[in-house]
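Structure in structure tokens, see below.
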Amino acid sequence: MKNVLEFLEQASQKYFTKIAFTDENNEISYGQCMENAQKVGTALLSLQSHRQPIAVMMDKNVESLTAFFGVIYSGNFYVVIDAMMPNDRIQTIFETLNPVALICQSQYKEKAKALHHQVFVYEQMIQTDIDFIHLKEIRKQMIDTDPLYALFTSGSTGVPKGAVLSHRNVINYASWFHDTFDIQEDTQFGSQTPFYFSMSVSDVFSTIIAGATLHILPKKLFSFPVKLIEYMNEKHVNTIYWVPSALGIIANMKVLDYVKLNDIQKVLFAGEVMPTKHLNYWKKHYPDIMYANLFGPTETTDICTYYIVDREFSDDEVLPIGKACQNCDIFLLDENNHEITDDKEGELCVRGSFLALGYYNNPQKTKEVFVQNPLNQAYPEIIYRTGDLVKYNERGELIYITRKDFQIKHMGYRIELGEIEAAVYALSKIQSCAVIYDELEDKIILIYTGKITDTEIMSGISNKIPQYMYPNKIIKMKAMPLNQNGKIDRKWLKNHYHEEEK
């Protein structure tokens, strides 16, 4: 197999009328999804481009999934753009990406036209007659190392980075996910994560491999968890792969004490540290189902290690991140690039077919983390340095410790604190600022000097960064502490910011 469209086509052949995807307003069969994707692909033939980025700015719905597949049919790769993202950030992404076109729904047509000169409206694209001959010619030229999509994650300099993933990456990764978690044609996925988040790759592509059904859960229902569970019961959802904070909403509000998930069989989670007390709440109500802790960055397609929960944990114990996925090798390096095999902590490094091609139009950042394997001097072999510090426990399971740099996991998103600082520094009245992260409280703290109010800061950054990056606390200081190098002393700030609040 060399192309993910083969998964969709095989499923369409076998389950033509079966529902592949649903959202609160719509549903689409495998056959209809493939046909609409081919129409979208045909509409894009006018671009006469191959292996180029095409941005898709649509809501998280059935149509957006069809648009992604349509871009692939055209021989190009898709880039998911959140329609709610500030225009400034989209333009920053576009400066790096330079997409050949932008696909949108009709409701975003004006916004799209302000962002790009070549706009395709989805509703019009699916009126196109399919050009099977040209689509077949394009397919012949495609190979498994061609890019499939790029996902933009937060960047330390304030510029987002676009990890480019190939067909081979997703074929290997999604096949592992499908086999390991036994995704079958009767699997009913409840999809929580946005399509611009790498976790969505797992449930979308394992769904089409198995001929399963994926239900897009309405985001608003996560504020009304009883209604969320009622919706999931209505759709017979039996498998979920969520960020821990979404599972935590259910646990903190003790929702399962009042309403039951009738069909649930598998609860998978990733994206941030899973509080064991939340897991134990779920286990108390559903002791006999599968739970798994998955771990990995966008640069390894989604995941590189996993742990299927096989024993009891007390509320204050840390869940392991387990072992390497099949056909994915991991190892730990110390600061001198020597391998760690005992219980000391080291940087998690990954090699194998899950590794992204690198960052789009960003050779410098690519070179920093996609490097020659220091344990192999004999032939070229690229590994990915995750920047995550981990260690082995006495059972030989990996335990996550922290990030090496300023990058954090907050509310399931990977965030570079530098991007928030860049947005704040752009405000004219700001003199200096630092953003730190309080792991214990899971709070982003902005500390600044300057003649500006908290309200003005929040108003000023609202069109520069997405909401999940907003500071949870803002502290004003008369002067910033500096270290011996004349840099802002972040360590001091982290240790003393509670005093500065008073």
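The values are calculated or read from the model by the stated rules, or taken from the named source; none is laboratory data. None of the values given here were measured: they were computed from a predicted structure. Neighbour counts run over all protein chains shown; Cβ positions are idealised from the backbone, glycine included.
Could you grab the pairs with beta carbons closer than 7 Å, sequence gap of 6+ or different chains, first residue in the range 106-117 and surrounded by 15 or more Cβ atoms within 10 Å (Cβ to Cβ), second one in a loop (DSSP other than H, G, I, E, B) and not aromatic (Phe, Trp, Tyr)?
Listed pairs, sorted by first residue: 108/83; 116/99.
Counting residues that are under 27 Å from residue 443 (Cα atoms), which strands (runs of 3 or more DSSP E) fully inside the range 231-338 reach at least 2?
239-242, 266-269, 290-295, 305-308
Then there is this: State which residue is nearest to residue 185 (Cα to Cα) when the search covers only the range 1-33 and only residues that are β-branched (Val, Ile, Thr) and outside any loop (DSSP other than H, G, I, E, B). Walk me through how you get there before you give the answer.
Kept after step one, since they are β-branched (Val, Ile, Thr), are these residues of the range 1-33: 4, 17, 19, 22, 28.
Remaining after also requiring outside any loop (DSSP other than H, G, I, E, B): 19, 22, 28.
Numbers: 19: 11, 22: 15, 28: 16 Å.
Among them, the one singled out is 19.
Filter the range 135-160 down to residues that are surrounded by 15 or more Cβ atoms within 10 Å (Cβ to Cβ) and in a helix (DSSP H, G or I), then give me how many there are. Working first, answer last.
Applying the first criterion (surrounded by 15 or more Cβ atoms within 10 Å (Cβ to Cβ)) to the range 135-160 yields 135, 138-139, 142, 144, 146-156, 158-160.
Next, from what is left, pick out any that are in a helix (DSSP H, G or I): 135, 138-139.
Summing the residues that are surrounded by 15 or more Cβ atoms within 10 Å (Cβ to Cβ) and in a helix (DSSP H, G or I) in the range 135-160 gives 3.
Let me ask you something else. Within the range 405-428, work out how many residues are more than 16 Å from residue 270 (Cα to Cα), in a loop (DSSP other than H, G, I, E, B) and within 26 Å of the chain's Cα centre (by Cα).
Final tally of qualifying residues: 2.
State all residues of the range 20-40 that are within 25 Å of the chain's Cα centre (by Cα) and of a type outside the set (Asp, Glu); if no residue qualifies, say none. It would help to see each step written out before you state the result.
Residues of the range 20-40 that are within 25 Å of the chain's Cα centre (by Cα), as a first pass: 20-28, 30, 33-34, 37, 40.
Of everything in the range 20-40, those that are within 25 Å of the chain's Cα centre (by Cα) and of a type outside the set (Asp, Glu) turn out to be 20, 21, 22, 25, 26, 28, 30, 33, 34, 37, 40.
Moving to a separate point now. Inside the range 172-216, can you point out the residues that are among the aliphatic types (A, V, I, L, M), touching an Asp or Glu at 6+ places or on another chain (Cβ under 7 Å) and in a helix (DSSP H, G or I)? Spell out how you get there, then give the answer.
Filtering the range 172-216 for residues among the aliphatic types (A, V, I, L, M) gives 174, 183, 199, 201, 204, 208-210, 212, 214, 216.
After this cut, where a residue has to be touching an Asp or Glu at 6+ places or on another chain (Cβ under 7 Å) as well, the list is 199, 201, 210, 212, 214, 216.
Within the range 172-216, 199, 201, 210 qualify.
Given the structure, is residue 398 at pLDDT below 95, touching a Gly at 6+ places or on another chain (Cβ under 8 Å) and closer than 17 Å to residue 339 by Cα?
It is false that residue 398 is at pLDDT below 95, touching a Gly at 6+ places or on another chain (Cβ under 8 Å) and closer than 17 Å to residue 339 by Cα.
Residue 269 versus (1) more than 30 Å from residue 28 (Cβ to Cβ); (2) buried (at least 20 other Cβ atoms within 10 Å of the Cβ): which is the lone unmet condition?
Looking at each condition in turn, residue 269 falls short on (1).
Select from the range 439-458 the residues that are modelled with pLDDT of 90 or more and within 19 Å of residue 495 (Cα to Cα) and write down the one among them that is surrounded by the fewest Cβ atoms within 10 Å (Cβ to Cβ).
443
Next question, about the same structure. Applying the selection to the range 347-391, what residues are among the β-branched types (Val, Ile, Thr) and either assigned by TED's automatic domain parsing to the domain that holds residue 167 or in a strand (DSSP E or B) (or both)? Walk me through it before giving the result.
We begin by selecting, within the range 347-391, every residue among the β-branched types (Val, Ile, Thr); these are 350, 366, 369, 371, 382-383, 386, 390.
Across the range 347-391, the qualifying residues are 350, 371, 382, 383, 386, 390.
Does residue 402 satisfy the criteria of being within 27 Å of residue 51 (Cβ to Cβ) and either assigned to a strand (DSSP E or B) or not assigned by TED's automatic domain parsing to the domain that holds residue 143 (or both)?
Values: within 27 Å of residue 51 (Cβ to Cβ): no; either assigned to a strand (DSSP E or B) or not assigned by TED's automatic domain parsing to the domain that holds residue 143 (or both): yes.
In short, no.
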